[in-house]
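K.L.:
Got a structure here, written out as structure tokens. Questions coming.
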Amino acid sequence: MALVCGVVAAAVLLWWPRTTVVRVVDQPSGIGYADGSAHFAVLTHVRAPIAAIRLSEGGSSAVDHHAVVLGRDRSGGYGHRVRFDATGMDPADLTVEWTAEGVWLSYGSGHRVFVPANQFTGGR
């Protein structure tokens, strides 16, 4: 029984993802939203220890990927999550353009996504 518990515990520890904040972009003071709060675009790296054995050829998978979290939580723990998995895209090459209507997330690779303000405002 102890062996089974040990194997289960090891599996959970290897697959459980850890999220680290790579970069935080503050909403500029000249842009405001209906909820009156300050908002952040938080670039996160989600990686589980099992990712070290490279189960995915492209390096982007459920156990190793980047996401941008938009919302009022500067830590990126809560908000509207946008995951990017495009091949050849450098996650650190993120440009954030805040507008009154929402946020443009752009990368040097040409990938560009618009997130309307109503998707990340009014949260906790």
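K.L.:
Can you put Val69, Val24 in order of Cβ neighbours within 10 angstrom, beginning with the fewest?
P.N.:
Ordered from fewest to most neighbouring Cβ atoms within 10 Å, Val69, Val24 come out as Val24, Val69.
K.L.:
List Phe84, Phe40, Phe120, Phe114 from most exposed to least, where exposure is judged by having the fewest other Cβ atoms within 10 Å.
P.N.:
Listing Phe84, Phe40, Phe120, Phe114 from fewest to most nearby Cβ atoms yields Phe114, Phe84, Phe40, Phe120.
Read-outs: derived from the displayed coordinates by stated rules, not from any lab. This one's a predicted model, so the numbers in the text were calculated from it and none came from an experiment. For neighbour counting, all protein chains shown are included, and Cβ atoms are generated from backbone atoms with ideal geometry for every residue, glycine included.
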